[in-house]
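**Q** Shown below is the structure under consideration.
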Amino acid sequence: MKCLMPTDHEGAKAGSRRSFVLMTMGALIGLGLAGYSLFTARGASTLSVPAEDVALVNQQPISRSDFLFLLQTLYGVDLSHATREQRQKVLNDMIREELFVQRGKELDLASVDPDVRSALVNAVELEISESAITAQPGEATLREFYAQHPERYVSEGIMNVQDFVFPADELRDLAAGPEALKAAVTAPETLTRLHGRDSGRTKGDEFYFAAQIHLGDQLFADARELPEGTASSPIAMSDGIHVLYMVRNTRPVRLDFAKAYPQVLTDYRNHAIAQLKAGDESFLRKRANVRVADDLR
């Protein structure tokens with residue numbers, strides 16, 4: 001009669017199988033616990049929203065402070081006085097914006113869309129300029145800047161000048177000299193005889209910058225030096241001989257520091273911002289690998 005009791009070898013095999021099953025179950029339980037810890041850990045959870053946020057969109061937080069600010073801006077109410085519809089509308093708009101921003105990143109719109117590129121450049125420039133915008137320079141610093149740029153802080157000059165034009169060919173025939181031309185602008189009969197005319201470039205009292213635009217740089221340079229009630233020497237130009245007659249010339253005067261202070265502060269900040277931008281651009285260029293086409297070097 002054969003013995004039905006398991007041999008030592010068979011018992012060892014059964015024990016090995018039990019050990020393997022137990023190890024497998026332990027590994028699966030461990031993975032399950034690890035997965036639960038991973039997806040419920042703060043900052044990595046899709047199951048809970050941090051107190052400082054109102055939503056998570058693909059793990060990207062939507063700030064509670066931004067939500068409250070937008071609620072106040074759109075409806076003029078705080079959270080406790082907002083209706084459910086108002087809260088839901090603001091939240092849905094913010095979630096929609098975040099979804100579209102994320103989709104824009106996926107499509108890499110920043111590299112192809114001109115408006116997005118421009119917005120990014122403006123955002124970077126604003127970040128660079130923040131310290132200069134918020135800085136409060138002392139009076140001594142501003143006075144130094146004021147002294148270094150005296151041409152900026154002057155009152156606006158005003159002039160009333162008439163511009164008369166004489167045909168060059170007819171003047172040669174009449175042998176009219178400089179004095180005859182200067183006399184012509186104040187003597188109507190001489191003006192008529194020499195076929196002079198008002199060019200119509202100027203319109204009575206004008207600020208210096210407007211007169212310069214209307215007259216052009218060449219004529220304005222002579223006009224600004226003319227005393228009131230005098231005429232200029234003849235000025236040869238492509239359309240004829242010009243003579244200016246100054247009716248009124250109120251020259252610019254330098255503003256004292258107190259009157260110029262707002263403009264000095266603005267100019268100082270703009271100067272600081274320009275320096276910061278130039279410095280950052282130089283830094284970015286140095287660390288970048290920029291290659292330019294041969295025909296544009």
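The values are calculated or read from the model by the stated rules, or taken from the named source; none is laboratory data. All values reported here derive from a predicted model rather than from experimental measurement. Virtual Cβ from ideal backbone geometry, glycine too; neighbours counted across all protein chains shown. Please note that ligands, DNA and RNA were not included when accessible areas were found on the heavy atoms of the full protein model with its side chains. Shrake-Rupley method; radii C 1.70, N 1.55, O 1.52, S 1.80 Å.
**Q** Rank-order 228-236, 76-84 by packing density, defined as the average count of other C-beta atoms within 10 Å over each peptide's residues, highest first. Before the final figure, lay out the partial values.
**A** Working: 228-236: 15.7, 76-84: 10.7.
Top of the packing list down: 228-236, 76-84.
**Q** Then there's this: Net charge within 9 Å of Leu244 by Cβ-Cβ distance, Lys/Arg positive one each and Asp/Glu negative one each, not counting Leu244 itself?
**A** Working: positive: none; negative: Asp163, Asp222.
Surrounding charge for Leu244 is -2.
**Q** To continue, here is another question. Given the whole protein assembly as supplied and a 1.4 Å probe, what does the accessible area of Phe283 come to in Å², nearest 10?
**A** Taking all protein chains as shown, Phe283 has close to 110 Å².
**Q** Students sometimes get this wrong: rank Leu68, Leu91 by accessible area, probe 1.4 Å, all chains present, largest first.
**A** My answer, sorted largest first, is Leu68, Leu91.
**Q** Further, regarding this structure: Quick query: amide H of Ser155 versus all other amide H atoms, modeled in the peptide plane; which residues come in under 5 Å with a sequence gap of 5 or more or a different chain?
**A** Those qualifying (amide H under 5 Å, at least 5 residues apart or on another chain) are Val253, Arg254, Leu255.
**Q** Could you pull out the pairs from Lys105/Lys277; Lys89/Lys277; Lys182/Lys259 whose alpha carbons sit more than 30 Å apart here? Mind showing how you got there, number by number?
**A** Details: Lys105/Lys277 26 Å; Lys89/Lys277 39 Å; Lys182/Lys259 40 Å.
As for pairs spanning more than 30 Å Cα to Cα, those are Lys89/Lys277; Lys182/Lys259.
**Q** Tell me, what are the semi-axes, in whole angstrom and largest first, of the equivalent ellipsoid of region 125-278 as set by the roots of 5 times the Cα gyration tensor eigenvalues? If you can, show how the numbers build up before the last one.
**A** Working: eigenvalues 426, 50, 23 Å².
Listed largest to smallest, the semi-axes of region 125-278 are 46, 16, 11 Å.
**Q** Could you order the peptides 219-226, 112-119 from most to least packed, using the average number of other C-beta atoms within 10 Å per residue? It would help to have the intermediate numbers written out before the result.
**A** Numbers: 219-226: 17.5, 112-119: 11.0.
Packing order, densest peptide first, comes out as 219-226, 112-119.
**Q** Separate question: Enumerate the calculated ³J(HN,Hα) couplings along region 189-203 in order (Karplus 6.51 cos²θ - 1.76 cosθ + 1.60, θ = phi - 60°), each rounded to whole Hz, writing x wherever the residue is Gly or Pro.
**A** Each residue of region 189-203 in turn: 5, 6, 4, 5, 5, 8, 6, x, 8, 6, 5, x, 6, 10, 10 Hz.
**Q** Please list 3J(HN,Hα) in residue order for region 239-250, calculated via the Karplus relation 6.51 cos²θ - 1.76 cosθ + 1.60 where θ = phi - 60°; whole Hz, with x for glycine and proline.
**A** Karplus-based 3J(HN,Hα) across region 239-250 equals 9, x, 9, 9, 10, 9, 10, 8, 7, 8, 9, 9 Hz.
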